[in-house]
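Here's the structure we're looking at; comments come further down.
The values are calculated or read from the model by the stated rules, or taken from the named source; none is laboratory data. Computed from a prediction, not measured in an experiment: that's the story for all the values here. Please note: Cβ atoms are built from the backbone with ideal geometry, for glycine as well, and neighbour counts cover all protein chains shown.
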Amino acid sequence: MLVPIFDLDGTLLDSEAALVAPFLALGIPERDVTFGRTLESECERLGITVADYLERYDVNSAQPFDGVPELIEKLDRWAVCSNKEVASGRAELARLGWTPDVAMFADDFGGPKALGPVLDALGLLGRDVLFVGDTEHDRVCAGVVGCRFAVAGWNVRAGGLDGDVRLDRPLDLLDVLRDGF
């Protein structure tokens, strides 16, 4: 059975409003905020400091998408690979009581997320996992290590390409993990 690795924001957590709020508080128009980058690169692009952003970020505001807690309860083994800043990511996992086998964040990679270190920590190869995400960067990460990719279609912002497995509900993942593609 494949082991799922999840992106966090936009995949497990409906975090768009929580991620945008600090930018708004710092005077950045919502239309200027983009997703799929590291916090460091987005803050640099927008001309603010990471410290100013984090001072305004509320680790309690992002909530799981409907069906995600039920999915997490049913998984024996899973991991998180995220561009989120490590302290915020760990605080959100702890708040939700989620304990993935491995959780790695942008700080752990020294830049944008990469699945290689997560696979190493899990002791698995790309063929052994399925990466579930919501962005083109997530799809690219999966391709780099040769693992399968599924789009978190429960996030209306997540776009898919022809050939992607699109999961409409979180619990749909269980069928894919059991039956394959």
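Of all residues in region 54-73, those satisfying the criterion of being at pLDDT 95 or above, part of a helix (DSSP H, G or I) and surrounded by 12 or more Cβ atoms within 10 Å (Cβ to Cβ) are ARG56, VAL68, PRO69, GLU70, LEU71, ILE72. So is LEU96 farther than 23 Å from PHE149 by Cβ, surrounded by fewer than 17 Cβ atoms within 10 Å (Cβ to Cβ) and in contact with a strand residue (DSSP E or B) (Cβ under 8 Å, 6 or more places away or on another chain) or not? Here the answer is yes, as LEU96 does meet what is asked. If the condition is being among the small types (Gly, Ala, Ser), over 18 Å from the mean Cα position of the chain (by Cα) and on the phi < 0 side of the Ramachandran plot, then region 1-58 contributes ALA21, ALA25, ALA51.
The one condition from (1) crowded, with 19+ Cβ neighbours inside 10 Å; (2) modelled with pLDDT of 95 or more; (3) not small (Gly, Ala, Ser) that LYS84 does not meet is (2).
For GLY27, the conditions (1) among the small types (Gly, Ala, Ser); (2) within 19 Å of ASN155 (Cβ to Cβ); (3) surrounded by fewer than 20 Cβ atoms within 10 Å (Cβ to Cβ) all hold with the exception of (2).
Is at least one residue of region 152-166 within 25 Å of SER41 (Cβ to Cβ) and modelled with pLDDT of 90 or more? Checked region 152-166: at least one residue is within 25 Å of SER41 (Cβ to Cβ) and modelled with pLDDT of 90 or more. Any residue at all in region 145-165 that is surrounded by 14 or more Cβ atoms within 10 Å (Cβ to Cβ) and in a helix (DSSP H, G or I)? Yes, the conditions are met somewhere in region 145-165. Which one is surrounded by the fewest Cβ atoms within 10 Å (Cβ to Cβ), of the residues in region 36-52 that are in contact with a helix residue (DSSP H, G or I) (Cβ under 7 Å, 6 or more places away or on another chain) and without any contact (Cβ under 8 Å) to a residue 12 or more places away in the chain? Once the filter is applied, the top-ranked residue is THR49. Among residues of region 171-181 being out of contact with any Asp or Glu (no Cβ under 7 Å at 6 or more places or on another chain) and surrounded by 12 or more Cβ atoms within 10 Å (Cβ to Cβ), the one that is nearest to GLY36 (Cα to Cα) is LEU173. Quick check, is LEU119 touching a Cys at 6+ places or on another chain (Cβ under 7 Å), at pLDDT 95 or above, among the aliphatic types (A, V, I, L, M) and surrounded by 14 or more Cβ atoms within 10 Å (Cβ to Cβ)? No, not satisfied.
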